[in-house]
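Novice: Quick one: structure below, then a few questions.
Nothing in this text is a laboratory measurement; each read-out follows from the coordinates by a stated rule. All of these numbers come straight from a predicted model, not from anything done at the bench. When we count neighbours, we look across all protein chains shown, and the Cβ atoms used for this are built from the backbone with ideal geometry, even at glycine.
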Number of protein chains: 4
Amino acid sequence: MPPADPLRLVVLARDGSDRVRSAWREVNRFLQDRADVELLAAALDDDLHVAPQGTEMAVVLGGDGAILRACRMFGTKQVPLLGVNLGRLGFLADLAPDEFFDRFDELIERRYEIREHLMFRVRLRRGGEYVDVDGAPGGNEGFLGLNELAVTSRTLHMIEVRLEIGGVPVTTYNGDGLIVSTPVGSTAHNLSAGGPILRQDLRAFVVTPICPHTLTVRPLVDVADATYTLALQNECDGATATIDGRTRLPMTCGDVLELTAAEVTCPLVKLPGASFYAALHNKLGWGGQPRYRR
Amino acid sequence: MPPADPLRLVVLARDGSDRVRSAWREVNRFLQDRADVELLAAALDDDLHVAPQGTEMAVVLGGDGAILRACRMFGTKQVPLLGVNLGRLGFLADLAPDEFFDRFDELIERRYEIREHLMFRVRLRRGGEYVDVDGAPGGNEGFLGLNELAVTSRTLHMIEVRLEIGGVPVTTYNGDGLIVSTPVGSTAHNLSAGGPILRQDLRAFVVTPICPHTLTVRPLVDVADATYTLALQNECDGATATIDGRTRLPMTCGDVLELTAAEVTCPLVKLPGASFYAALHNKLGWGGQPRYRR
Amino acid sequence: MPPADPLRLVVLARDGSDRVRSAWREVNRFLQDRADVELLAAALDDDLHVAPQGTEMAVVLGGDGAILRACRMFGTKQVPLLGVNLGRLGFLADLAPDEFFDRFDELIERRYEIREHLMFRVRLRRGGEYVDVDGAPGGNEGFLGLNELAVTSRTLHMIEVRLEIGGVPVTTYNGDGLIVSTPVGSTAHNLSAGGPILRQDLRAFVVTPICPHTLTVRPLVDVADATYTLALQNECDGATATIDGRTRLPMTCGDVLELTAAEVTCPLVKLPGASFYAALHNKLGWGGQPRYRR
Amino acid sequence: MPPADPLRLVVLARDGSDRVRSAWREVNRFLQDRADVELLAAALDDDLHVAPQGTEMAVVLGGDGAILRACRMFGTKQVPLLGVNLGRLGFLADLAPDEFFDRFDELIERRYEIREHLMFRVRLRRGGEYVDVDGAPGGNEGFLGLNELAVTSRTLHMIEVRLEIGGVPVTTYNGDGLIVSTPVGSTAHNLSAGGPILRQDLRAFVVTPICPHTLTVRPLVDVADATYTLALQNECDGATATIDGRTRLPMTCGDVLELTAAEVTCPLVKLPGASFYAALHNKLGWGGQPRYRR
């Protein structure tokens, strides 16, 4: 095989933990020794909002949380992400450090696939205009997310949210809250709330109520290509929109959230043999199922 | 408005019940009086396996069950179906008799939409070949369904089913059974078993276990364009595959079911204003939700 | 029948709403006209912490919330409560105003039953001592509740709660929160969170996680006569204990909640024919079940 | 310590598997060597319906299934059971063979506790009389169970069961079936169907629907000291009552099952330190919970 072009990488290792710093040193040493790699940048202390020209992939040291952050950070200019998991195996960061070193040749030989994952954009409309996280005007861009939007109450009250999809009224949810999740997010908060698992590369959202007051409402899977409108109704004390468990938008009565599929998707590098279902097995304990029935 | 072409109809009213017969008489009278309709055929006693050349739609008198049957009956040569519901409002047959008469002009003026709905085909593989409902060879065509495939046990034993999607192992389910449902079927057996609701026109299947032994398995939504392989494992006493609650295929250990999206879809006639969510409201009681929490 | 002793009543109508004030005027007129009633007190503007000597029952105007408040208010000196529901039928306040007037003779003739309902007491232990709602020492008495104790986070983070029952470790719950509910509370927050319904007069508690991280944990029903110890572990940001949806105790890491059956029970007056299951039917919509399956 | 009375044992090792036979040989050798044991009987090939006079406990070689069988076998003359589990740890048979040998002195010194477990009796009423498993008259004794009664359909149809508890109508269940479970049975079929876990020594039953048609019905926990009446209604095709997953009673429309707490309870020998919650941890995988949320 003729020598391949050098692989142009950036490394994201921004989390200041000892574990990430130590992994960074090891990865750095490994990359320095190779002639077939070009390390374009490494983000250690600060975020790297734009990847250098020609970046082929960003190696993310950390767990699924680091991938989520990287994905939101790159915004409209996504870069294929390869997660190296330093803790437990993740759904997104599904490569252990050893595997990263052992299978590095497959990266060099470009024997990987890039799978795109649905992201969403949320705008908060108050009165006639879109507002920012502080409630100030100018929130037209909104907020990008990869996992889920959750509407819940900081004062622990029941809230009431009216949902429309594509302009068609769905129902009004009363309860502890409401989650709109991507397929990637379906194994996170959505799963705890009783929602189904969506294959990671589906183009669909799932809407799952948290502790719904109405016993007949069920999780709902609908198309990605529609606007999801969540309007806060009368019961709205302490209501807060949370994106990917991080960004929090305080809401007031009458506020409306508009969620749409983002124009960008999150590209993840997958080595041959990577399987979403294998990850489910490992993470959810499907393999060693307890035999509790007699 | 210039006179439209006459609407070329067939009527399916095969269910021998008094209610259907009486509705048929009324519909027949109504159609005879109109110059803008051509009634090509009416199936009263026997099934109508092929619709006459030029049929624009089949009016189905009955409920959702009659639509399911019509859809399976037309096989690879589907005809747009318009359900007139004689009992409670259905998810598929969502027009009451009065509405049918009142809004007939909209049909004449072709002011309707035809929405396609995912169907599936199941083949039963035993040893090296596909078998029929009687276990005889020659089951290559398999069985068409619109709602769901359910694998359960006639002897009420736990069964064990190994699932692969697109050749990738998912997991092995132990329990009372397993359902693979279309979006249309998601509000039927799947919903009772704890599965999510899928918007009717999604191209996806949902896999929902019935009383699973393993507490970590959850309903799973995956793409329609893959082969779902369900292999009966060791525990298989009395195992039976049921399609749309009707066709039953007795199974034996080692049998494999192969489910794929059918090459045809089920076309339903929708008048302006028809909404899947409105039907959910009515059918599932989302509207008048009981206020049980204080 | 010889004339019965006059029925010695108090009326609780403290909620300042128009509805309650107007009901109070009507009830007051009704009671003034009867020779067989002695109205010992009426709480309109202030709470009535101790019922006058000889009180046979307290008529509570309002809904289930008013009953919950009355029950906590009387503390260790409970009085049989008769709820007159001014809104929708309640689980606790299960008499409509008309029924109250129509069936008043049954009260006079003492043709009612008093059913006792399990209450609980919660103490918050911080370091070596019990603390108050403000975190000040002196919380030995703790807080009385009739519905449930819920531990959740005001900052919407996951929390981690270690549960022991009767000194035996049960498990550590990770997720949005944890509910310990009485039978009376089982149809409130517990039901929304997926917990079972407990017959109102059982002596048992049910422990139900809110959006649990661990997919194998399930609601747990255990005896009332044991101490339930809930210890906040590492993840405790914003953790708050809420009693009956009202009293809120801010918590910090290492805090321990001790829940026991209260020494008092909540006595409710039940007229002949009152049935918990009839209330479930009405409140949960079991009667007119939607026929959504074909 | 003065020499204790010899421990009077029987051994149940009736399951003809190699594993049980080999365990029996080992146990037998062990017991022969001890002066402080009197082996009154060993059931190897046949059941032992009545334990010899003076039996203090029956050592059951096998798993939870063997305990269930032993318990039903002894009928109204129960003997304390000590389960030695030859496979995975069970909920009832919670002693591994090694532990049995190592902790035998604790048995000799009677340092164990006997915990009683609720059993039930089911009678099948057809027309005016109680019938047998074959439908013949003379079923007055009914059938004893330790886990659960399940009513489901052999023909895989929906069935309709009307439930009364203590003569009070609860509701009519439509769906795949209905389970009435003891606390011991709550971790078996009931758990798979979505029911809660009941502490093993509670005196209560839990009623859990299987794939209920009505979305508002939920598992229900009620007192043990009432008659549970399950009446088959119109939809009853293939209906079958199954007790502990073994005994099957074919039913016909109009049949009524009457379930009551049995007059006997199932006594299990518990060595110091045995904990129901520890068993849950091990069996349900609560310990090593997968960290799937980010």
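Novice: Put the label 7 Å from Cα along Cα→Cβ for D:R126; what are its distances to the other copies, in nanometres, shortest first?
Specialist: 3.2, 6.8, 7.1
Novice: Please list, by residue number, every one of the trypsin sites (Lys or Arg not before Pro) in the stretch A:1-83 that is coil in DSSP and has at most 15 other beta-carbon atoms within 10 Å. Write out the running numbers ahead of the final one.
Specialist: Working: sites: A:R8, A:R14, A:R19, A:R21, A:R25, A:R29, A:R34, A:R69, A:R72, A:K77; in loops: A:R14, A:R34, A:K77.
Hits after loop and neighbour filter: A:R34, A:K77.
Novice: A further question follows. Out of residues 5 or more away from B:L81 or on other chains, whose amide H comes under 5 Å of its own, with H placed 1.01 Å from N in the peptide plane?
Specialist: Amide H neighbours of B:L81, under 5 Å, 5+ apart: B:A58, B:L268, B:V269.
Novice: Next up: Pick out, from D:G83, D:W24, D:F120, the residue whose Cα sits farthest towards the positive end of the charge dipole of the stretch D:1-120, with +1 on the Cβ of Lys and Arg and -1 on the Cβ of Asp and Glu.
Specialist: D:F120
Novice: Give, as a single signed number, the net charge of other residues whose beta carbon lies under 12 Å from the beta carbon of D:E113, with Lys and Arg counted +1 and Asp and Glu -1. Mind dumping the intermediate values first?
Specialist: Working: positive: D:R110, D:R111, D:R115, D:K270; negative: D:E106, D:E116, D:D201.
Net local charge, D:E113 excluded: +1.
Novice: While we're here: What 222 nm value per residue comes from the helices of chain B, counting each DSSP H run with n ≥ 4 as -39,500 (n - 2.57) and dividing by all residues, nearest 500 deg cm²/dmol? Write down the numbers at each step before the final one.
Specialist: Working: 6 runs with 50 residues, N = 294.
Rounded to the nearest 500, the figure is -4500 deg cm²/dmol.
Novice: State the residue of chain B whose Cβ is nearest the axis carrying B onto D, and the distance in whole angstrom.
Specialist: Spelled out as residue then distance in Å, it is B:R154, 3.
Novice: Size of the stretch B:83-123 along its principal axes in angstrom, Cα-based, largest extent first?
Specialist: 43, 26, 11
Novice: Further, regarding this structure: How large is ³J(HN,Hα), in whole Hz, for each residue of the stretch D:121-127 in order, when computed from phi with the Karplus curve 6.51 cos²θ - 1.76 cosθ + 1.60 and θ = phi - 60°, using x for Gly and Pro?
Specialist: My calculation for the stretch D:121-127 gives 10, 10, 10, 10, 9, 10, x Hz in order.
Novice: If you average the C-alpha positions of the stretch A:100-135 and of the stretch C:257-283 separately, how far apart do those two centres end up, in angstrom?
Specialist: Computed from Cα coordinates, the inter-centre distance equals 51 Å.
Novice: Calculate, in whole percent, how much of the Cα-Cα pair population of the stretch D:119-263 lies beyond 23 Å. Don't skip to the end; give the middle numbers.
Specialist: Numbers: 2647 of 10440 pairs.
Within the stretch D:119-263, distances greater than 23 Å cover 25 percent of Cα pairs.
Novice: If contacts are Cα pairs under 8 angstrom and at least 6 residues apart, what is the relative contact order of the stretch D:119-263 in percent? It would help to have the intermediate numbers written out before the result.
Specialist: Details: 390 pairs, mean separation 43.6, N = 145.
About 30 percent, as a whole number.
Novice: Follow-up. Can you work out the base-10 log of I(q)/I(0) for the protein assembly as shown at q = 0.04, 0.10 1/Å, using the Debye formula on its C-alpha atoms alone?
Specialist: The Cα Debye sum returns log10 ratios of -0.25, -1.48.
Novice: So, one more: For the stretch B:188-294, rounded, prolate or oblate, judged on the Cα gyration tensor with a ≥ b ≥ c (square roots of eigenvalues), a/c < 1.5 rounded, else prolate if a/b > b/c? Let's see the in-between values first.
Specialist: Details: a/c = 2.33, a/b = 1.44, b/c = 1.62.
Here the stretch B:188-294 falls in the oblate category.
Novice: Here is a follow-up. Could you please report the charge total around D:E38, scoring K, R as +1 and D, E as -1 over all other residues with beta-carbon less than 15 angstrom from its beta-carbon? Each step should come with its number before you reach the end.
Specialist: Values: positive: D:R8, D:R34, D:R110; negative: D:D5, D:D33, D:D36, D:E56.
Here the charged neighbours net out to -1.
Novice: Here is a follow-up. Enter the Cα centre distance for the pair the stretch B:23-97 and the stretch A:221-256, rounded to the nearest angstrom.
Specialist: That distance is 43 Å.
Novice: Taking the Cα centre of chain C as the origin, how large is its charge dipole in debye, to the nearest 20, when only Lys and Arg (+1) and Asp and Glu (-1) carry charge on their Cβ atoms?
Specialist: Working: 31 positive and 38 negative charges, 181 e Å.
The calculated dipole for chain C is roughly 860 debye.
Novice: Antiparallel versus total DSSP beta bridges in the protein assembly as shown: what percent is that, nearest 5? Kindly include the intermediate steps, with their values, before the conclusion.
Specialist: Details: 236 of 312 bridges.
If I count the DSSP bridges inside the protein assembly as shown, around 75 percent turn out antiparallel.
Novice: Alpha carbon centre of the stretch B:180-196 versus the stretch C:4-18: separation in Å?
Specialist: 51
Novice: Shifting gears a bit: Which residues in the stretch B:11-42 place their backbone N less than 19 Å from a point set 7 Å from the Cα of B:E106 along the Cα-to-Cβ direction?
Specialist: Residues B:31, B:37 fall inside that zone.
Novice: Measuring from a point 7 Å past the Cα of D:S17 along Cα-to-C-beta, which residues in the stretch D:244-272 have an amide N at less than 18 Å?
Specialist: D:245-246
Novice: Here's another thing I want to ask about it. Does anyone have the angle between helix B:18-32 and the longest principal axis of chain B? Alpha-carbon axes, 0 to 90°, nearest 10?
Specialist: That works out to roughly 40 degrees.
Novice: Quick check for me: using +1 on Lys/Arg Cβ and -1 on Asp/Glu Cβ, what's the dipole size of the stretch B:135-294 about its Cα centre, in debye to the nearest 20?
Specialist: Working: 12 positive and 14 negative charges, 214 e Å.
Charge dipole of the stretch B:135-294: 1020 debye, to the nearest 20.
Novice: Turning to a different aspect of this structure: For the stretch A:129-134, what does the Karplus curve 6.51 cos²θ - 1.76 cosθ + 1.60, with θ = phi - 60°, yield as ³J(HN,Hα) per residue in whole Hz, taken in order and with x for Gly and Pro?
Specialist: Rounded to whole hertz, the list is 9, 7, 10, 8, 5, 8.
Novice: Next question. Measuring from the lowest to the highest alpha carbon on each principal axis, how far does chain A reach, largest first, in angstroms?
Specialist: Principal-axis extents of the Cα atoms in chain A, largest first: 65, 61, 35 Å.
Novice: Lys and Arg at +1, Asp and Glu at -1: add these up for the other residues within a Cβ distance under 12 Å of B:V20 and post the number. Before the final figure, lay out the partial values.
Specialist: Details: positive: B:R14, B:R19, B:R21, B:R25; negative: B:D15, B:D18, B:E26, B:D45.
Cβ neighbours under 12 Å give a net charge of 0.
Novice: Using the Karplus curve 6.51 cos²θ - 1.76 cosθ + 1.60 with θ = phi - 60°, what ³J(HN,Hα) values do you get for each residue of the stretch D:238-243, in whole Hz, with x for Gly and Pro?
Specialist: Running phi through 6.51 cos²θ - 1.76 cosθ + 1.60 with θ = phi - 60° gives x, 4, 9, 9, 10, 10 Hz.
Novice: Taking amide H positions as placed in the peptide plane 1.01 Å from N, state which residues far from C:I197 in sequence (5 or more) or on other chains have amide H under 5 Å from it.
Specialist: D:L220, D:V221
Novice: Something else: Here are some pairs, D:K77/D:K270; A:K270/D:K283; B:K283/C:K270; A:K77/A:K270; D:K77/D:K283; which of them have Cα atoms lying more than 25 Å apart in this structure?
Specialist: Values: D:K77/D:K270 19 Å; A:K270/D:K283 35 Å; B:K283/C:K270 35 Å; A:K77/A:K270 19 Å; D:K77/D:K283 30 Å.
Violating the 25 Å limit, Cα to Cα: A:K270/D:K283; B:K283/C:K270; D:K77/D:K283.
Novice: Nothing charged except the Cβ atoms of Lys and Arg (+1) and of Asp and Glu (-1): what's the magnitude of the dipole of the protein assembly as shown about its Cα centre? Round to the nearest 20 debye. Before the final figure, lay out each step's value.
Specialist: Numbers: 124 positive and 152 negative charges, 1 e Å.
Dipole about the Cα centre, nearest 20: 0 debye.
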